[in-house]
Amino acid sequence: MTTILRLLLASTLIALPGCIGSARIAAKPYDVIVVGAGLSGLTVAKDLMRNNRRVLVLEATNRIGGRAHTIAGFSIPVDVGAAWLHGADTNPLTAIVDWMGFRRIPTDLDGPVFFGDHRLNEREMREYGEAYEATERGLARAHADRPASEFLPVASRYRALIASDIGPLESGAEIERTSSADAAAFQSDPDDFVKEGIGTWVQKFGRGVPVELATPVTGIRYGTEGDGGVLIETATGKTYRGRRVVVTVSTGVLAARRIAFRPELPQEKWAAIHGLPMGLLNKVVFQFDSDVLAAEGGNAWVLHQRTGTSGHPEVMAFVIKPLGASMVVGFYGAEQARRFEQLPDSHAIDYAKIALRAMYGANVVAHIDDARTRVTRWGKNPWTLGSYSAALPDASKMHAELGKPVGDRVFFAGEACGPPEFNGSLAAAYVAGLQASRQVQASLLAADAARERDRHPERQP
Ligand SMILES: Cc1cc2nc3c(=O)[nH]c(=O)nc-3n(C[C@H](O)[C@H](O)[C@H](O)COP(=O)(O)OP(=O)(O)OC[C@H]3O[C@@H](n4cnc5c(N)ncnc54)[C@H](O)[C@@H]3O)c2cc1C
């Protein structure tokens, strides 16, 4: 971790006054209005408040946390969005999670692999591992940002498995539409769970930040207001004035033009938004009524490959016994996820059950508590319109482009603005939040200094 990142990290740990939903609306404009109360927006707000800036966060939904959301109703807290602290050894959030007293649980990324009902034996697992490592070496050596599919082993029986793991199950996009630069840079392993739920942690992280909930932003006017600041329009009819605005919504929400910018955003910004479309990863959560997987190790990432109705291989992933609970969480991404989102939940559930039956037997499936099964639909969520950004080939550079301010008034954060090594993750959201906060502070300080010079020309050196 760089020294600057360490300093930023330490500064964000400081507790701040205020409370959710009770922001006082003063006649004086806010220094900064933040759009979105996910981890990125909360990070921006905390860092600016620590620097004595007047901040208000506007959030469309009735909770903070965005795509980090822990739900109850199972034998453990379940994360329906983000779940892992990826690359825990180099993840800037690890220290904060620990410092706040949350418990990290290591996970096993090298769990069993099944082809139908065949569990790969030791030799096959070694072959699979070698093919995977060769792919990763190819990605790391690439001189250009190409489709990650170009680095797959050509004649390997594990090709579809590796393609799915790097594509739909990691980037949420088909591997042909996944940037090789981002796939190579992404820091994963060791990956940890948070026992209380990572969404619970984000909620606590955001305590003390003034947030107006249920306030979708519909328009941002910038630079043309009387005081040269920003005017924020919302679906509630209420408007807010600020000196600067930080937009942290997903590229899905931006691309859908849920927020009208006046003047229109420049072409380069739209190119960045379109270069970082939303990938889609969904989950199906199963609770068993007894400990039917007693023989299996917990927290393992298990892959299952089958032949689909089209005759092509299809891959789904599972976390078996998360936190040791008698549960399974299934994962499917990209085209498969888009297809299931068009259908009733029963289709994804039945599809996952077929894999579970092949892997662990009909008796295990018979012990699923159907009433508690839960299927996510992040693509249909109007406030995310997907799971996380997935840079297209040759678009890894767009993360930095998206993070550039427009007209020194509109600033951008959110996971898509984060660096490729944290590709689409919570760590990217956090780092992007700190970057935006520092940009805004520099901008406000420069404006304050200019105002002082105008007021007191006699004081100039
Ligand atoms: C299924 C899934 C699995 C994932 N797994 C992991 C994982 O294991 N590890 C990991 O690190 N990351 C994971 N991620 C990614 C991680 O959740 C995100 O990178 C991170 O939460 C993004 O934070 P953010 O603040 O950038 O955006 P968000 O959390 O989306 O926050 C943006 C906020 O803006 C709000 N908003 C949207 N539109 C408006 C509007 N018009 N007006 C006002 N507010 C608005 C939204 O409601 C939201 O609260 C996963 C995501 C999903 C969906």
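Of all residues in the range 326-334, at least one satisfies being farther than 24 Å from Asn363 by Cα, in contact with a Ser or Thr (Cβ under 9 Å, 6 or more places away or on another chain) and crowded, with 19+ Cβ neighbours inside 10 Å. The residues listed here are Gly206, Gly199; of these, the one that is over 30 Å from Ala334 (Cα atoms), touching a residue at least 40 places away in the same chain (Cβ under 8 Å), within 13 Å of the ligand (Cβ to nearest atom) and small (Gly, Ala, Ser) is Gly206. Looking only at the range 368-385, residues that are surrounded by 17 or more Cβ atoms within 10 Å (Cβ to Cβ) and either out of contact with any Lys or Arg (no Cβ under 9 Å at 6 or more places or on another chain) or without any contact (Cβ under 8 Å) to a residue 12 or more places away in the chain (or both) come to 2 in all. Taking the range 250-365 as the region of interest, the strands (runs of 3 or more DSSP E) fully inside it that hold 1 or more residues being over 30 Å from Thr236 (Cβ atoms) and in contact (Cβ under 8 Å) with a residue 12 or more places away in the chain are 281-287, 300-307, 313-320, 327-333. Candidates in the range 31-66 are the residues that are within 7 Å of the ligand (Cβ to nearest atom) and assigned to a helix (DSSP H, G or I); of these, the one that is surrounded by the fewest Cβ atoms within 10 Å (Cβ to Cβ) is Gly41. Checked against the criterion of being modelled with pLDDT of 95 or more, over 30 Å from Pro29 (Cβ atoms) and under 22 Å from the mean Cα position of the chain (by Cα), the candidates Pro216, Pro168 yield just one match: Pro168. Do the conditions hold for Asp191, that is, is it touching a residue at least 60 places away in the same chain (Cβ under 8 Å) and in contact with a strand residue (DSSP E or B) (Cβ under 7 Å, 6 or more places away or on another chain)? Yes. Being more than 28 Å from Gly38 (Cα to Cα), in the same structural domain as Leu303 (by TED's automatic domain parsing), surrounded by 15 or more Cβ atoms within 10 Å (Cβ to Cβ) and within 16 Å of the ligand (Cβ to nearest atom) is the requirement here; does Ala352 meet it? Considered against the rule, which asks whether it is more than 28 Å from Gly38 (Cα to Cα), in the same structural domain as Leu303 (by TED's automatic domain parsing), surrounded by 15 or more Cβ atoms within 10 Å (Cβ to Cβ) and within 16 Å of the ligand (Cβ to nearest atom), Ala352 comes out as yes. Selection of the range 348-407 for residues being out of contact with any strand residue (DSSP E or B) (no Cβ under 7 Å at 6 or more places or on another chain) and aromatic (Phe, Trp, Tyr) yields Tyr351, Tyr360, Trp383. If Val217 satisfies every condition in (1) of a type outside the set (S, T, N, Q); (2) farther than 24 Å from Gly275 by Cβ; (3) surrounded by 19 or more Cβ atoms within 10 Å (Cβ to Cβ) but one, which is the exception? With (1) of a type outside the set (S, T, N, Q); (2) farther than 24 Å from Gly275 by Cβ; (3) surrounded by 19 or more Cβ atoms within 10 Å (Cβ to Cβ) applied to Val217, the lone miss is (2).
Hey, can you tell me all the residues within the range 412-431 that are under 14 Å from Gly87 (Cα atoms) and within 7 Å of the ligand (Cβ to nearest atom)? Gly424, Ser425, Leu426, Ala427, Ala428 - these are the residues of the range 412-431 that are under 14 Å from Gly87 (Cα atoms) and within 7 Å of the ligand (Cβ to nearest atom). Only residues that are over 14 Å from Ala68 (Cα atoms) and part of a loop (DSSP other than H, G, I, E, B) were counted in the range 196-237, giving 18. Are any residues in the range 386-396 in a loop (DSSP other than H, G, I, E, B) and surrounded by 17 or more Cβ atoms within 10 Å (Cβ to Cβ), and if so, which ones? Correct list: Gly386, Ser387, Ala390, Ala391, Leu392, Pro393, Ala395, Ser396.
The values are calculated or read from the model by the stated rules, or taken from the named source; none is laboratory data. This is a predicted model, so every value here is computed, not measured. Reconstructed Cβ throughout: ideal geometry from the backbone, glycine too, with neighbour counts over all protein chains shown.
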